[in-house]
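No lab work stands behind these numbers, since they all come straight from the coordinates. Here the structure is a predicted model, which is why all the values come from computation and not from measurement. Backbone-built Cβ (ideal geometry, glycine too); neighbour counts: all protein chains shown.
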Amino acid sequence: MPLLAEYSTHPHTYGYQTARPERRANGWLPDAVTDTTAKRRRGAQRLIDFGSGVFPRLWTLSGRQLWHVVVPLPRMPDFYGCVRELGQAEMQRLFSQQPALVRAARGRSGHSHLHVAVALPAGDVPLALGTYGRIHATAIETTRQLWTLAEYLSRPADERAARPNRKDVLRYSRAALRQQRLDAAEDYLLARLRHGRLPRLRWQQVVPREANVVSPVSRSLQGAARRRTQPWCPPGYHVGEPRWRTARVSLRSSQVVRNRGPPSGL
């Protein structure tokens with residue numbers, strides 16, 4: 001069922017959808033508040049980048065342990081306009097000069113927070129309490145955890161627009177989840193109208209440009225990335241080439257072989 005906005009409750013989203021007939025017919029929302037499996041995998045691929053992305057560079061730092069840390073921030077009326085500045089200030093207080101990838105986010109309840117992939121010295125653990133509340137931390141020990149985190153950080157910054165997980169389905173009704181997606185789109189379009197170009201909500205700090213070593217973990221990440229980015233195709237077809245083109249070439253070449261006459265001189 002298409003997700004259609006009403007002018008009385010979501011005027012900016014309604015204007016976005018009615019600007020083009022296909023948007024209204026399919027219930028499309030802006031790309032920044034759209035969450036699909038394909039988008040998550042593309043985002044994870046950019047973070048992994050066949051073993052040379054930012055995640056493997058953090059993973060392979062010698063003498064360090066990679067952590068996923070959730071840092072709470074205060075509730076703010078202008079999420080897109082304020083969260084990066086507040087997030088950078090909190091990162092300086094908690095993880096100054098520590099290699100990290102940071103993603104600012106707003107939860108379904110409206111609370112802002114940071115998802116931080118930080119490489120701390122071996123033996124160190126993140127602080128339990130930040131400036132604005134309790135910090136949750138999980139050590140990243142396996143490549144499966146790393147891939148899951150890469151896909152998780154590829155969701156929309158406003159988590160109301162993300163696909164609901166099992167906990168969300170149990171906590172909210174289907175109508176409430178649809179309403180949250182429209183609310184996320186409305187806030188995003190309003191922020192674009194107010195600020196124009198929005199600040200980036202994912203950034204790095206002191207991450208090395210290249211991985212220090214090529215470890216077995218990096219090689220396994222490269223293999224996993226290749227497997228995910230090369231979909232299966234029938235024999236005779238090539239990934240990335242239109243089906244009609246490869247099919248016609250294959251048919252034409254087979255006809256040439258089948259219709260070839262006897263060799264000259266016989």
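Listed values, structure above:
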read-out: Packing-based ranking, highest mean first, of 42-53, 195-206 given that Cβ atoms within 10 Å are counted; value: 42-53, 195-206
read-out: Label-to-label distance, nm, for residues given as SER8 and TYR152 (7 Å Cα→Cβ offset); value: 4.1
read-out: Gain upon complete extension [ARG171, SER62; 0.36 nm per residue less C-alpha separation]; value: 35.1 nm
read-out: GLN204/GLN92 FRET efficiency (R0 22 Å; Cβ-Cβ; nearest 0.05); value: 0.95
read-out: Global geometry of the stretch 1-153, whether rounded, prolate or oblate, following the gyration tensor of its Cα atoms and the 1.5 cut on a/c; value: oblate
read-out: Backbone N within the stretch 173-189 under 17 Å of label point (7 Å from THR18 Cα along the Cβ vector); value: 186
read-out: Amide H partners (placed H, <5 Å) of ILE135, local residues excluded; value: LEU129, GLY130
